[in-house]
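Presented below is the structure to which this report refers.
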Amino acid sequence: MNKKAIMYGGGNIGRGFIGALLSQSGYEVTFVDVAEGVVNALNNDRKYPVRIVSSTGYEDIDIENVLAINGKNEDDVARAIANTDIMATAVGANILKFIVPNIAAGLRKRFTETDRPLNIIICENLMDANKILESMIKTHLTFEECRLFDERVGLVEASIGRMVPVQTEEMQDGNPLRVCVERYGFLPVDKEAFKGPIPQIMNMIPSEPFDYYIKRKLYIHNMGHATCAYLGLYLGIEYIYQSIDVPEIRIAVQNAMLESAMALSKKYGIEMADIMLHIQDLLGRFTNAALKDTCKRVGGDPKRKLSPADRLVGSAAVCIEQGIEPVYICIGTAGAVYQYLIENDMEQTEENACTVLYELSGQAENSPLLSRILPLYNMYRNQQSIKEILQAADMINQKHLKEIV
């Protein structure tokens with residue numbers, strides 16, 4: 001009997017990463033999406049191409065044994081969930097609430113037909129995604145269904161490291177289903193969250209303690225990527241690979257990632273050498289010109305990126321908690337504040353910057369982060385060079401080192 005998988009979300013990550021891994025692992029993959037063009041094309045072709053790109057060329061791979069269901073067809077989705085062997089979501093954190101009724105309906109039907117466990121791999125950039133999704137689903141279930149949910153449903157968080165940019169017509173190269181991706185394709189998941197046997201999926205790495213991998217992705221990869229984007233936007237640079245090629249930006253990004261690395265090493269007892277290898281790999285991957293990933297995309301939604309536990313403020317908070325000075329992370333945070341004010345047509349003033357940090361980042365007036373971010377923000381506001389901003393950061397670091405010696 002064919003193994004079956006549901007990939008909820010037929011976008012860049014769904015097709016370009018998770019759905020591809022499931023197909024390559026021997027599953028018949030059913031994509032669920034509301035984009036009719038994608039659904040129809042998948043059902044017509046029963047395959048789609050993934051193009052692995054680098055600065056030196058590309059490799060095309062056909063992902064086969066796939067089909068699709070329109071997410072608006074609630075009965076079809078519920079029936080598929082009831083009969084699948086594994087499921088994954090990659091719809092975007094803001095869309096989860098819209099797919100929850102279909103998931104709940106599918107689980108309800110499944111509970112009446114089988115006692116087999118169902119593991120749902122959550123591939124969303126969202127802290128505590130498992131807890132949030134569980135809470136959402138259970139609002140649609142009865143008390144007895146909630147009991148069965150606890151027994152049979154594993155909500156498995158995943159750390160999505162593969163970079164998949166917005167696909168342009170040039171990248172699609174004549175096929176709207178084509179997804180261009182980088183070669184990196186490992187999928188760390190929460191080993192302890194599975195119910196029943198852990199399925200064998202290509203490049204999936206069950207890991208514990210998984211909280212470290214979530215924080216590493218958010219506070220090193222995503223934070224460094226965002227810092228690169230905001231500094232690039234400040235200079236009017238279009239692409240990430242162009243931004244990281246500016247020596248001052250590379251210094252800022254690398255040092256910000258190093259601050260997070262030191263904090264996470266102390267917090268989780270992870271060898272710095274392992275994290276440094278990860279940072280060097282990321283810096284190399286940021287230079288991939290073939291991805292054509294833009295600073296605008298990576299720096300998009302600064303409101304979310306400035307929230308208390310997200311990549312910028314969250315990583316800086318962990319640094320302070322562990323006695324690490326997060327001055328280079330604060331360069332990226334100040335850049336995000338600067339960009340937020342631009343996007344919301346607000347005047348670049350220290351008062352408005354404070355308001356953003358109060359309201360979006362949860363920083364009180366006496367917050368230690370506020371006193372670090374505002375002087376750097378004022379340098380953006382005064383249109384000072386990145387070299388000058390780095391010099392100011394160095395001075396703050398030297399002052400901190402004298403205080404702790």
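At a glance:
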| read-out | value |
| --- | --- |
| Descending Cα extents along the principal axes, the chain, whole Å | 66, 50, 43 |
| Antiparallel content of DSSP bridges confined to the range 33-72, in %, to 5 | 90 percent |
| Amide H contacts under 5 Å for residue 121, placed H, 5+ residues apart | 87, 88, 89, 156 |
| Net charge of Cβ neighbours under 13 Å - reference residue 272; Lys, Arg +1; Asp, Glu -1 | 0 |
| Residues with amide H under 5 Å from that of residue 195, placed H, sequence gap 5 or more | 154 |
| Surface/4 estimate of mean projected area, convex hull on alpha-carbon atoms of the range 3-207, nm² | 10.8 nm² |
| Three-way shape call for the range 299-405 based on the alpha-carbon gyration tensor, with the a/c threshold at 1.5 | oblate |
| Overall dimensions of the range 343-405 as given by Cα atoms, namely Rg and Dmax in Å | 13.3, 44 |
| Charge dipole (the range 211-404, unit charges on Cβ, about Cα centre) - positive-most of 288, 312, 366 | 288 |
| Cα-centre dipole for the range 338-405 with unit charges at Cβ (Lys and Arg positive, Asp and Glu negative), debye to 20 | 420 debye |
| Percentage relative contact order, the range 3-207, counting C-alpha pairs under 8 Å, at least six apart | 23 percent |
| Cα gyration tensor, the range 171-327 - rounded (a/c under 1.5), prolate or oblate | oblate |
| Magnitude of the charge dipole, the range 3-207, Cβ model with Lys/Arg +1 and Asp/Glu -1, debye to 20 | 320 debye |
| The chain: relative contact order in percent, alpha carbon pairs under 8 Å with at least 6 residues between | 12 percent |
| Under-5 Å amide H pairs with residue 239, H placed in peptide plane, nonlocal only | 295 |
| Residue-wise HN-Hα coupling along the range 33-49, computed from phi with Karplus coefficients 6.51, -1.76, 1.60 (Hz; x: Gly, Pro) | 7, 9, 7, 4, x, 5, 4, 5, 5, 5, 6, 6, 8, 6, 6, 7, x |
| Summed residue charge, Cβ within 12 Å of residue 180's Cβ, Lys/Arg positive, Asp/Glu negative | -1 |
| For the range 87-100, Karplus couplings with θ = phi - 60° (6.51, -1.76, 1.60), whole Hz, Gly/Pro x | 9, 9, 10, 8, 10, x, 4, 6, 9, 3, 4, 7, 9, 4 |
| Whole-Å distance, taken between Cα centres, linking the range 143-206 and the range 207-260 | 23 Å |
| Mean-position separation - Cα centroids, the range 306-324 and the range 39-108, in angstrom | 34 Å |
| C-alpha long axis of helix 272-286 to longest principal axis of the chain, angle in ° | 80 degrees |
| Electrostatic dipole magnitude of the chain [Cβ: Lys, Arg +1; Asp, Glu -1; Cα centre; debye, to 20] | 440 debye |
| Partner lysines for residue 138 [C-alpha distance under 30 Å; skip if fewer than 8 residues away on the same chain] | 3, 4, 72, 97, 109, 191, 195, 215, 217, 303, 305 |
| Calculated from backbone phi, Karplus (6.51, -1.76, 1.60) coupling profile of the range 161-175 in Hz, x at Gly/Pro | x, 5, 8, 10, x, 4, 7, 8, 4, 5, 5, 5, 6, x, 10 |
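Each reported figure results from applying straightforward, stated rules to the coordinates on display, with no laboratory input. Keep in mind it's a predicted model, so treat the numbers as computed, not measured. Because the Cβ atoms are built from the backbone with ideal geometry, glycine has one as well, and the counts that use them run over all protein chains shown.
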